[in-house]
Amino acid sequence: MNFEFTEEQGMLRDSVARFVQDSYDFDTRRKIAASDEGMSRENWQTFAELGWLSVPFAESHGGFGGGPVDTLVMMEEFGKGIVLEPYLATVLLFGGLLQRGGSVEQQAELIPRIIEGSCLGAFAYLERQSRHVITDIKTTAAVQGDQLVLNGEKVVVFNGASADQLIVAARSSGEQSDEDGITLVLVPADAAGVERTAYRMMDGQVVANITFNDVRVPVSDIVGEAGEGCAVMSPVITRANVALAAEALGIMGQLNAKTLEYTKTRKQFDVPIGSFQALQHRMVDTFMAYEQVKSLLYRAVCELDGEGDDAAACVHALKVLVDRNGKKIFGEAIQLHGGMGITDELDIGHYAKRLMMINTTFGNGDYHQAKFNELRYSA
Amino acid sequence: MDTSFAPEDLAFRDEVRAFFAEAYDSELQARLNNLETFKEAVIDWQKRLYRKGWIAPGWPKEYGGTGWNATQKFIYETERSAAGIRDVIPFGLNMVGPVIYAFGNEEQKARFLPGILQSDDWWCQGYSEPGAGSDLASLKTRAVREGDEYVVTGAKIWTSYAQYADWIFCLVRTSNEGKKQNGISFLLIDMKSPGIKVNPIVSIDNHHSLNEVEFNEVRVPVANLIGEQDKGWTYAKALLAHERTAIAGVADSKRSLAETRAFAEREVNGGKSLLSDPLFQKRLSDIEIELMALEFTELRVLATVAAGGAPGAESSMLKIKGTEMQQAVQELRMEVAAYYQGVLPNDLTPEQLGHGFGSQARQTYMYGRASTIYGGSNEVQKNIIAKAVLGL
Ligand SMILES: Cc1cc2nc3c(=O)[nH]c(=O)nc-3n(C[C@H](O)[C@H](O)[C@H](O)COP(=O)(O)OP(=O)(O)OC[C@H]3O[C@@H](n4cnc5c(N)ncnc54)[C@H](O)[C@@H]3O)c2cc1C
């Protein structure tokens, strides 16, 4: 039994932690969030130089060959700084799909470019009606000779406005919500017929709605097998969910630490408000809520790393607990800061908003609880 | 025990409904929803209520109240919420007005009450300070008497709508002798006075309603002192119970829950509406059940008040439960909006965006975090109940 990180993982974590500490203070982040792209390309280059963009990729493509634990340590630190740069969208989703389902040519062309920081990617999977069911897809991909023709619309595409390349989940056969018949297609963001509408979310990131109007790409740009996209995206999303939980853990830790600090210094009735037992018990609750998330996260990562049978249930459970405990933690953080907690100026609200966005990504708590129930209790 | 409405109550309800249907028109609603026109639209609406004679249901008839009984007040509130109409801006009508008619002199009543009733004066509340929130009595903004003026120096914070205000009612320190509650006075200050500076505070919902108000040797005529010097705490306390009862907003929560339910019914995916999802149903009914009870808790408090009693510690309970329920509804609506809850205001139409209510849900939810903090935080309310009701 061992819950320690390896030396390499420790170094990776320290390297991200140092960057957040030195170059990502709250004011800097605020400026980046207010910029047109809602992220900094300069930082992205730094990520490349520090080798972070290579972490999950196979060594044969110039990657670091890292596993879920390596992703975990990085994402937790990103969470502490509410880092805006599109690591999830470009490396874990776009890169993850290529790594898992891409052809040798696709991988050889794109993965090195991701690693060197010259290709930003996005995974266009959501549609207006999909909510948490990602197989609910109306965008069509039809074969015409050696071409694929895409029509439809994707919404809330993370990094969608800045990405150079997209992987689009489209329907090539089957009914609207079927798992079968989904085809993943690589589409250059500047292809004819692609139109992007950018807008900003509460966590600072800029997303896009993207319409596809008779967009034509060669069939060789399919990622994985035609109609079998679900098999490629499911494991990538499962891993992304764990990565997001790690980011959430970093956020929760910050919220708890900052709140604790505040209650030790803020005085009312001539004493620090942290001396009130009514508040102490609630901070004990949020402390425990944090520890529980951490435990379940480690459990999920161990299952994933060892390809355990219980990985799916673990990840559903993790999403449920992140949602529930996250709400509890940011709710208490705001409440215990009193009026200060309601200001835009304080970082507390910004941590809260990122947690809220994480909870709506790849299924909210209720969605995952229903999935968990199905796995565990259906006859 | 009987809560059914008499025929005259039903007639009253129809009258209220008819008035709202006509007076709260869509043109006005559009102006209320636009930040640029918000202030003048609020004034316009409140003037319509004034002309109808319904602007101050809580006031005694002699000062411009409606003379309604508890049932009528309940009906009015319910219909207002059901019509989706915001409550009046409370600072003048629900806060300083009652203090002035209860504790002000005749001259003050004549000078200030008409402007409040007719919404010609916009008031704001200058109680909280950076160092005095829950512990309000520790406030430090001081007023020193010089001849027939007070000279006021200090800072107030979280002052809602100070940027619109013509007047601010303030608690200021006039003495450091004895208990800290004893040296506080209640002053009415013209916001145009030299030495006042208003600094905006952007809140977590990305809007600007909060402010910091600085006072730098602001000269205030002694004629603007309410009641006696050093007795302001007594006047302010009398008002707090009213404020809390008003914050509960049960009728508004009911309406909001019904709307949320309708939104959920329209969210269809995987061939099923969200409303048919058992987990969602549980969330919905958890809230509805609490609200069913809370509605009657509110009626019980109203009945006590109508019978001549004062809303005491019950108002704390209404405030706690009421705000918890508001937040629960706001949160549920966010769940219905799913990822669209994150959308910040932009120039896109709902058609372009693909969604209608996400951004509004977020704004209400984020600002809604404040309801358990202002008006005496819910923790402080629990302390009051523990002490005053449970004798702990
Ligand atoms: C949106 C908004 C609008 C407002 N509008 C106005 C306005 O117009 N005018 C005005 O004067 N004020 C206004 N306020 C201020 C409001 O009244 C104060 O925020 C409130 O009194 C709490 O004070 P505080 O913010 O200093 O928090 P603090 O008093 O510092 O409290 C911090 C935390 O400690 C808890 N706490 C404090 N004491 C105790 C205790 N004894 N036991 C247990 N827990 C305790 C609180 O509940 C809170 O969770 C507004 C506030 C907000 C958020």
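The values are calculated or read from the model by the stated rules, or taken from the named source; none is laboratory data. Worth saying up front: this structure is predicted, and the values here are computed from it rather than measured. For neighbour counting, all protein chains shown are included, and Cβ atoms are generated from backbone atoms with ideal geometry for every residue, glycine included. Note: accessible area is taken over every heavy atom of the protein model, side chains too, but ligands, DNA and RNA are not part of it. Shrake-Rupley method; radii C 1.70, N 1.55, O 1.52, S 1.80 Å.
Please state the shape class of region B:37-95: rounded when a/c is under 1.5, otherwise prolate if a/b exceeds b/c and oblate if not, all from the C-alpha gyration tensor.
It is oblate, given that a/c is not under 1.5 and a/b is not larger than b/c.
Report the semi-axes of the equivalent ellipsoid for chain A in whole Å, largest first, where each axis is √(5λ) for an eigenvalue λ of the Cα gyration tensor.
Computed over chain A, the values are 36, 22, 21 Å.
Measure nothing but the geometry: give the 0 to 90° angle between the long axis through the Cα atoms of B:278-306 and the longest principal axis through the Cα atoms of chain B, rounded to 10°.
Once rounded, the angle reads 40 degrees.
Convert each backbone phi in region B:174-184 into a coupling constant with the Karplus relation 6.51 cos²θ - 1.76 cosθ + 1.60 (shift: θ = phi - 60°), then list the ³J(HN,Hα) values in order as whole Hz, x for Gly and Pro.
After applying 6.51 cos²θ - 1.76 cosθ + 1.60, I find 10, 7, 10, 7, x, 4, 5, 5, 7, x, 10 Hz.
Averaged across A:343-349, how many Cβ atoms of other chains sit within 10 Å of each residue's Cβ atom?
4
Note down the relative contact order for region A:231-377 as a percent, whole number, built from C-alpha pairs under 8 angstrom at least six residues apart.
RCO, region A:231-377: 29 percent.
Tell me the angle of helix B:106-117 to the major Cα principal axis of chain B, expressed in degrees between 0 and 90 and rounded to the nearest ten.
20 degrees
Can you pull the mean other chain C-beta count within 10 Å for peptide B:376-382?
2
Which whole-Hz couplings ³J(HN,Hα) result when phi for each residue of region A:238-247 is put into the Karplus expression 6.51 cos²θ - 1.76 cosθ + 1.60, θ = phi - 60°, listed in order with x for Gly and Pro?
4, 5, 5, 5, 5, 4, 5, 5, 5, 4
How much of the DSSP bridge set in the protein assembly as shown is antiparallel, in percent, rounded to the nearest 5?
Here the antiparallel bridges make up roughly 85 percent for the protein assembly as shown.
Can you give me the distance in nm between label points at B:L35 and A:F287, each placed 7 Å from the Cα along the Cα-to-Cβ direction?
Going from the B:L35 label point to the A:F287 one covers 4.0 nm.
Under the rule of at least 5 residues apart or a separate chain, name every residue whose amide H is placed under 5 Å from the amide H of B:G104.
none
Averaged per residue, what accessible area in Å² does region B:122-230 show with a 1.4 Å probe, protein chains only?
Heavy-atom accessible area per residue stands at 40 Å².
Contact order normalised by length for region B:7-100, with contacts defined as Cα pairs under 8 Å and 6 or more residues apart; what percent is it?
Rounded, it is 26 percent for region B:7-100.
Can you tell me how region B:110-181 classifies by the Cα gyration tensor, rounded, prolate or oblate, using a/c under 1.5 as the rounded cut?
Oblate shape, in that a/c is at least 1.5 and b/c is the bigger or equal ratio.
Take every residue in peptide B:330-341, count the Cβ atoms of other chains within 10 Å of its Cβ, and give the average of those counts.
What the average comes to for B:330-341 is 5.
Quick one: which residues, 5 or more positions from A:Q268 or on another chain, have an amide H under 5 Å from its amide H? H modelled 1.01 Å from N in the peptide plane, none for Pro or chain starts.
Under 5 Å from the amide H of A:Q268 lie the amide H atoms of A:I273, each far enough along the sequence or on another chain.
Among the listed pairs A:K264/B:K39; A:K328/B:K73; A:K267/B:K319; A:K353/B:K180; A:K258/B:K237, give every one whose C-alpha distance is greater than 30 Å.
With Cα atoms farther than 30 Å apart: A:K264/B:K39; A:K328/B:K73; A:K353/B:K180; A:K258/B:K237.
Determine the relative contact order of chain A: mean sequence separation of Cα pairs under 8 Å and six or more apart, normalised by residue count, in whole percent.
15 percent
Quick check on region A:122-227: take the gyration tensor over C-alpha atoms, sort the square-rooted eigenvalues as a ≥ b ≥ c, and tell me if it's rounded (a/c under 1.5), prolate or oblate.
The shape class here is oblate.
Hey, how many Å between the Cα centroid of region A:302-379 and the Cα centroid of region A:258-279?
Using only Cα atoms, the two centres lie 27 Å from each other.
For the Cα atoms of chain B, what angle does the longest principal axis make with the long axis of helix B:38-52, in degrees from 0 to 90, nearest 10?
For helix B:38-52, the angle is close to 90 degrees.
Can you give me the Cα centroid spacing of region A:189-214 and region B:72-150 in angstrom?
Between the Cα centres of region A:189-214 and region B:72-150 lies a distance of 48 Å.
Tell me, what HN-Hα J-couplings in whole Hz come from the Karplus equation 6.51 cos²θ - 1.76 cosθ + 1.60 at θ = phi - 60° for each residue of region A:366-375, using x for Gly and Pro?
So the J values, rounded to whole Hz, are 4, 4, 6, 5, 4, 5, 4, 4, 4, 5.
If you count, for each residue, the other Cβ atoms within 10 Å and average over each peptide, how do A:49-56, A:8-15, B:23-30, B:201-208 line up from highest to lowest?
By packing density, highest mean first, the sequence is A:49-56, B:201-208, A:8-15, B:23-30.
Which far-off residues, 5 or more places away or on another chain, put their amide H under 5 Å from the one on A:V215, with H placed in the peptide plane?
A:L150
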